[in-house]
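What follows draws every value from the coordinates through simple rules; no lab data is involved. In this text, all values refer to a predicted model and were calculated from it rather than measured experimentally. Glycine gets a Cβ as well: all are built from the backbone with ideal geometry, and neighbour counts include every protein chain shown.
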Amino acid sequence: MKTKIVIADDHPIVLAGIREVIDRDARFKLVGQAQSPESLVELLHAHAPDIVITDYNMPGNDALGDGIKLISYLQRNFPESKVLILTMVSNPSIIAAMYRAGASGVVRKSGDLKELSVALGALLAQRIYRSPELPRDEALPEAGDTSAADQLSPREFEVIRLFASGLTVGDIAKRLNRSSKTVSTQKISAMRKLGTAKDQDLITFCVESELFK
């Protein structure tokens, strides 16, 4: 019996690339594709896939969210489905947080999509996949060698990511189930680490560094 897979990404071109990799592998069967967290969850209920391949940064509603919140939701509600994350993120702390939230593997989107086959093989063998292209938590660069963005905590990273997407502090607090004061404090802390004093400077930094591409 083939291993059932559901894929999710809000970019049709990325979905097409993932679908091509799966279609070429006789071990797997694509049973659904989604472009939002809501439709992804609907597919999980309908097909109970063995593996979910999903983008880390995918706009959704406040209840489901995306990023760490979505990974945690999938782990709690669909524990039998292994979650493989596609991301542009390279921050070691954020990657470690993905695994802690329940991800069975993380693959860099800017790399070769052929790596997906390797990652899927690992999950099929009941192993956690760790990409050689991504830094590991146990091999964090020493202080002073890290880039500004690598100094952000997972919570600060989530706040800045959502802020850069256009959400207000109040919106972020609602989505992450935190108080506005807590979110504001985390945003200020992140801005200090990134060396930005104004909101526009923060947005400019995120855009120019392609932090959330």
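Assorted remarks:
- Dipole of the chain [Lys/Arg +1, Asp/Glu -1 at C-beta], most positive-end residue of I51, M191, A26: I51
- Using the Cβ-Cβ distance between R24 and H45 with R0 set to 41 Å, the FRET efficiency works out to roughly 0.90.
- Peptides 107-113, 30-36 ordered by average Cβ neighbours within 10 Å, highest first: 30-36, 107-113
- Ranked by how many other beta carbons lie within 10 Å on average, peptides 39-49, 194-204, 92-102 from highest: 92-102, 39-49, 194-204
- A cut-off under 15 angstrom between Cβ atoms defines the neighbours of V83, and their net charge, with Lys, Arg +1 and Asp, Glu -1, is +2.
- Tail weight of P(r) past 26 Å, computed on alpha-carbon pairs of the chain, percent: 34
- Prolate/oblate/rounded call for region 1-126, Cα gyration tensor, a/c under 1.5 rounded: rounded
- Relative to the Cα centre, the charge distribution of the chain, modelled as +1 at Lys and Arg Cβ and -1 at Asp and Glu Cβ, gives a dipole magnitude of about 500 debye.
- Point-charge dipole on Cβ atoms (K/R +1, D/E -1) for region 33-121, about Cα centre, debye to 20: 300
- Charge sum, other residues only, whose C-beta stays under 9 Å from I172's C-beta, Lys/Arg counted +1 and Asp/Glu -1: +2
- Region 46-90 residues near the modelled E133 label - backbone nitrogen below 17 Å, point 7 Å along Cα→Cβ: 53-57, 84-90
- Using just its DSSP H runs of length 4 or more, each adding -39500 (n - 2.57), the chain gives a mean residue ellipticity at 222 nm of -14000 deg cm²/dmol after division by all residues.
- Local net charge near F28, Cβ-Cβ under 11 Å (Lys/Arg +1, Asp/Glu -1): +3
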